[in-house]
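Enquirer: Sharing a structure here in structure tokens format.
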Amino acid sequence: MKFQYLGTAAAEGIPGMFCNCPVCQRTREAGGKNYRSRAQAIINEDLMLDFGPDTYWHTCRFGLDLSKVQFLLITHAHDDHLTPKELHYRENGFAYLFGDKNNDDSAYGKLNVFLSEQSRSFLPPDIQNSNTLDLHTIRAFEPFSIGCYTITALTAHHAPGYEALMYLIDDGKKIVLYAHDTGFFPSDTMEYLKKTRPQPDFISLDCTGVLSTCGPHHMNLADATQMKQQLIDIGCAKENTLWYVNHFSHNGLCTHDELVPLAKKEGFSVSYDGLTLDI
């Protein structure tokens, strides 16, 4: 399984466009991996996680061909994770999707979008009724199959009224747990994981607060470290599971370069925009 982080920041990005805090100033000076766009990821070439405001930039920076994306998983409807108007540009006249050598665009079909009922309610009518999208309402703890993947949505502790989700993604060989925009996992998710005991090869945890306090709907490095131990304690990890932290705010008091050695002490690697992993 090929996993690529496209964006790794919270809503403002890093540096924040209007911000001159010390972290944003040090980010501008250091450049490189310290720059972060809004959170998004892609698995292989066909499964995308979230569709926020930096999607177009990600296609340019990383050479993505979104005509190859068949499946889109939405975590929740905050606008740094779902910018629905951008999906409008998949329609004929904005995009020409050529299939086989006879230019049969029907070879591509619709983009399958999976999201919670509450997230779906935030979509505007033209997206709800788009003839290039196939919307699927999903429920937590009810696995479903798409392509080579088995997907299980889990409840996140984030944004009351948005029905935020995390995802277990199993391609039959490897398992990914993508767990962002959440505080400590809710009890129903922990009970499900304790009962089913999946063995993720790769776990990516929220670290929005980094070194600062961040409230109950996100985690910082200390929280992520506790969450990691809780998952190990219930048997939801392997000895060689890859542990990453992701989804960072400039309010977190340090840059990427400054965070790397601190996270390493807790057994985590630190994501950055464009990081590609063969899991």
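Enquirer: If you take every DSSP beta bridge whose two residues both sit in region 131-268, what share of them, in percent to the nearest 5, is antiparallel?
Expert: 55 percent
Enquirer: How big is the antiparallel share of DSSP beta bridges in the chain, given as a percent to the nearest 5? Don't skip to the end; give the middle numbers.
Expert: Details: 24 of 51 bridges.
In the chain, DSSP labels about 45 percent of beta bridges as antiparallel.
Enquirer: Find the centroid of the Cα atoms in region 1-73 and in region 196-219, then give the distance between the two in whole Å.
Expert: 18 Å
Enquirer: Just to be sure I understand the model, the point goes 7 Å from the Cα along the line to the Cβ. What's the resulting Asp278 to Ser187 distance in nm?
Expert: Using points 7 Å along Cα→Cβ, the separation is 4.5 nm.
Enquirer: Report in % the part of the accessible area of region 9-158 that belongs to carbon and sulfur, leaving out ligands and nucleic acids; probe 1.4 Å.
Expert: 50 percent
Enquirer: What number, in percent, do you get for the relative contact order of the chain if the mean sequence gap of Cα pairs under 8 Å and at least 6 apart is divided by its residue count? Intermediate results must be reported in sequence, preceding the final value.
Expert: Details: 600 pairs, mean separation 55.9, N = 279.
Result for the chain is 20 percent.
Enquirer: Straight-line reach from Lys33: which aspartates and glutamates fall under 19 Å, measuring Cα to Cα and dropping same-chain residues less than 8 apart?
Expert: Glu12, Asp54, Asp206, Asp257, Glu258, Asp273
Enquirer: Is the shape of region 110-175 rounded, prolate or oblate, going by the alpha carbon gyration tensor and its root eigenvalues a ≥ b ≥ c, with a/c under 1.5 for rounded and a/b larger than b/c for prolate?
Expert: Because a/c hits 1.5 or more and a/b fails to exceed b/c, region 110-175 counts as oblate.
Enquirer: Let me ask you something else. On a straight-distance basis, which aspartates and glutamates could pair with Lys238 in a cross-link, Cα separation under 12 angstrom, same-chain partners fewer than 8 positions away excluded?
Expert: Within the straight-line cut-off, Lys238 pairs with Asp201.
Enquirer: Any idea of the accessible area per residue across the chain, 1.4 Å probe, to the nearest Å²?
Expert: With the other protein chains kept in place, the chain gives 45 Å² per residue.
Enquirer: Cα axis of helix 256-265 to longest principal axis of the chain: angle in degrees, 0 to 90, nearest 10?
Expert: For 256-265 against the chain, the angle is about 60 degrees.
Enquirer: To continue, here is another question. Give the angle, between 0 and 90 degrees and rounded to the nearest 10, that separates the Cα long axis of helix 187-196 from the longest principal axis of the Cα atoms of the chain.
Expert: 80 degrees
Enquirer: Note the per residue figure in Å³ for the convex hull of the C-alpha positions in the chain.
Expert: Expressed per residue, the convex hull around the Cα atoms of the chain is 130 Å³.
Enquirer: Tally Lys and Arg at +1 and Asp and Glu at -1 over the other residues with C-beta under 15 Å from the C-beta of Asp206: what net charge comes out?
Expert: Result for the local shell: -2.
Enquirer: Shifting gears a bit: Per-residue ellipticity at 222 nm for the chain, helices alone: DSSP H runs ≥ 4 residues times -39500 (n - 2.57), over residue total, nearest 500 deg cm²/dmol? Spell out each step's value before the answer.
Expert: Details: 7 runs with 59 residues, N = 279.
Counting only the DSSP helices, I get -6000 deg cm²/dmol.
Enquirer: Let me ask something else. Straight-line reach from Lys85: which aspartates and glutamates fall under 12 Å, measuring Cα to Cα and dropping same-chain residues less than 8 apart?
Expert: Partners found: Asp126.
Enquirer: Let's test the formula: R0 of 35 Å, r as the Cβ-Cβ distance of Lys265 and Ile234. What FRET efficiency results, to the nearest 0.05?
Expert: So, using R0 = 35 Å, E works out to roughly 0.90.
The values are calculated or read from the model by the stated rules, or taken from the named source; none is laboratory data. What you are looking at is a predicted structure, and each value in this text was computed from that prediction instead of being measured. Quick reminder, even Gly has a Cβ in these numbers, built from the backbone with ideal geometry, and neighbours come from all protein chains shown. Accessible surface areas use protein heavy atoms only, side chains included; no ligands, DNA or RNA. Shrake-Rupley method; radii C 1.70, N 1.55, O 1.52, S 1.80 Å.
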